[in-house]
1. Among (1) at pLDDT below 90; (2) surrounded by 16 or more Cβ atoms within 10 Å (Cβ to Cβ), where does MET80 come up short?
2. Is it true that ALA142 is in a helix (DSSP H, G or I), modelled with pLDDT of 80 or more and surrounded by 14 or more Cβ atoms within 10 Å (Cβ to Cβ)?
3. How do the pairs read when you match residues in region 112-136 that are β-branched (Val, Ile, Thr) and modelled with pLDDT of 80 or more with residues anywhere that are outside any helix (DSSP H, G or I) and surrounded by 15 or more Cβ atoms within 10 Å (Cβ to Cβ), using Cβ under 9 Å and keeping only pairs 6 or more apart or on different chains?
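The values are calculated or read from the model by the stated rules, or taken from the named source; none is laboratory data. These numbers come from a predicted model, not from an experiment. We place every Cβ from the backbone using ideal geometry, glycine too, and count neighbours over all the protein chains shown.
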Amino acid sequence: MEVTGLGLQGMGGLPAAAAAGKDAPVAGGRGFGAALEGVVSGEQTLDEKQAHARAQKAAAGLVSNALILPVLKQVRRSEMGKKGVFSGGIGENTFGPQFDMEIADRIANSPGMAATQALTKRLEKRSQAAKAGGQSGTTTEAKKLDVHG
């Protein structure tokens, strides 16, 4: 496609991406037109997917360390843990805590873990409220939260 009247003839015309128009590939491998239609139709953008992944990772980490890991430690230290499934001699003493951490992470990241799902939704709502407050300059509930008791 050669553009005339703009002085671009000597330079070989428009770049390939500009000549391709709305079908030129953009980030994510889709054409610009398809990306625009996705935004208009309500598809999640790459930033939203990354924000969801960050919220999910943070929620899973919190659930793993605050809820599941203490229960596994308690079971390991109990009499049941010394005689039952968790008994294992010197190997258990050496690698038991690492095993507990891995099991807790896997449980927290399982799709059916309701606590992780609820915490992820709450973190996403807080993030959206903070973004809306930062853009409009108004005080939001996230900023009013009293963390001192």
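1. (2)
2. Working: in a helix (DSSP H, G or I): yes; modelled with pLDDT of 80 or more: no; surrounded by 14 or more Cβ atoms within 10 Å (Cβ to Cβ): yes.
Considered against the rule, which asks whether it is in a helix (DSSP H, G or I), modelled with pLDDT of 80 or more and surrounded by 14 or more Cβ atoms within 10 Å (Cβ to Cβ), ALA142 comes out as no.
3. Here the result reads THR116/ASN109, each pair linking region 112-136 to a residue that is outside any helix (DSSP H, G or I) and surrounded by 15 or more Cβ atoms within 10 Å (Cβ to Cβ).
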